[in-house]
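Enquirer: Here it is: the structure, laid out below.
What follows draws every value from the coordinates through simple rules; no lab data is involved. Fair warning: this is a prediction, and the values are worked out from it, not measured in the lab. Here the Cβ positions follow ideal geometry from the backbone for every residue, glycine too, while neighbour counts run over all protein chains shown.
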């Protein structure tokens with residue numbers, strides 16, 4: 001693993017195994033905020049005004065940045081979130097402690113909880129903060145059994161050129177079947193192979209403006225809105 005600084009000053013990692021960076025070189029925090037928080041979590045809340053805890057499934061825990069931003073949003077806005085994340089190749093805590101996300105976000109209290117996300121036991125639910133329950137599974141999406149109905153899916157796997165087996169009709173059908181009726185899936189990727197697989201699985205595709213450095217992204221709906 002190599003730690004790199006992106007254009008917004010936040011860190012990302014370069015994986016030699018996948019020959020790929022974990023986030024956009026245009027900015028890790030700006031990308032995660034735009035794709036997963038603004039276009040995913042906030043959008044779902046605005047459209048549905050949920051009265052129960054929001055259930056989020058993340059494909060690709062990685063550095064934990066998406067989980068951290070979700071946790072901060074939950075606490076700041078007093079929104080209850082149950083967050084499940086899958087990761088087959090966990091990042092070592094020694095690397096995590098060198099990442100600068102908590103410094104840049106300016107939340108003094110999030111340093112400890114951020115590390116808790118990486119240090120807490122796998123396969124168990126943890127109430128990390130008052131509004132944020134967290135469950136991480138060390139598994140590939142191909143192998144895991146999804147027994148919860150999810151409102152939002154953060155699809156943050158490596159790109160189709162590096163993990164083609166993940167961007168398939170079979171995987172998106174599995175996710176579609178595990179989502180609530182008004183569920184949405186968001187991802188940074190807008191490649192035609194991803195769109196085709198999602199449509200074949202039953203999703204209705206929407207392409208909002210992408211984060212800095214990308215023309216568009218995908219927001220996939222379980223139902224036609």
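Enquirer: Provide the gained length on full extension for the span residue 4 to residue 93, in nm with one decimal, where the gain is 0.36 nm per separating residue minus the Cα-Cα distance.
Expert: Residue separation times 0.36 nm, minus the Cα-Cα distance, leaves 30.4 nm.
Enquirer: Fewest first, what order do 128, 35, 144 take by the number of other Cβ atoms within 10 Å?
Expert: 144, 128, 35
Enquirer: Going by a ≥ b ≥ c, the root eigenvalues of the Cα gyration tensor, does segment 9-151 fall in the rounded group (a/c under 1.5), the prolate group (a/b larger than b/c) or the oblate group?
Expert: rounded
Enquirer: Modelling each spin label as a point 7 Å along the Cα-to-Cβ direction, I'd like the residue 199/residue 182 distance in nm, to one decimal.
Expert: Placing both labels 7 Å along Cα→Cβ, they lie 2.7 nm apart.
Enquirer: Using 0.36 nm per residue of separation minus the Cα-Cα distance, give me the extension gain between residue 111 and residue 45 in nm, one decimal.
Expert: Working: separation 66, 0.36 × 66 = 23.76 nm, distance 2.61 nm.
Residue separation times 0.36 nm, minus the Cα-Cα distance, leaves 21.1 nm.
Enquirer: Going by C-beta contacts inside 10 Å, put 135, 23 in order with the fewest on the left.
Expert: In order of increasing Cβ crowding within 10 Å: 135, 23.
Enquirer: Now, a different point. Counting DSSP beta bridges in the chain, what percent are antiparallel, to the nearest 5?
Expert: 45
Enquirer: In nanometres, what is the gap between the two model label sites at residue 173 and residue 142, each 7 Å from Cα along Cα-to-Cβ?
Expert: Result for the modelled spin labels: 1.6 nm.
Enquirer: Express the relative contact order of segment 89-225 as a whole percentage, based on alpha carbon pairs under 8 Å and six or more residues apart in sequence.
Expert: 17
Enquirer: Under 1.5 on a/c is rounded, so check that first for segment 86-225, then, if it is not, pick prolate when a/b is larger than b/c and oblate when it is not; a ≥ b ≥ c are the square roots of the alpha carbon gyration tensor eigenvalues.
Expert: Prolate shape, in that a/c is at least 1.5 and a/b is the bigger ratio.
Enquirer: Separate question: When the Cα centres of segment 169-193 and segment 43-120 are compared, how far apart do they sit, in Å?
Expert: Each part's Cα centre sits 20 Å from the other's.
Enquirer: On to the next question. So what is the 222 nm mean residue ellipticity for the chain from helices alone, if each DSSP H run of at least 4 adds -39500 (n - 2.57) and you divide by all residues, rounding to the nearest 500 deg cm²/dmol?
Expert: -7000 deg cm²/dmol
Enquirer: Additional query: Sequence gap at least 6, Cα distance under 8 Å: using those rules, report the relative contact order of segment 1-160 to the nearest whole percent.
Expert: Contact order relative to length: 25 percent.
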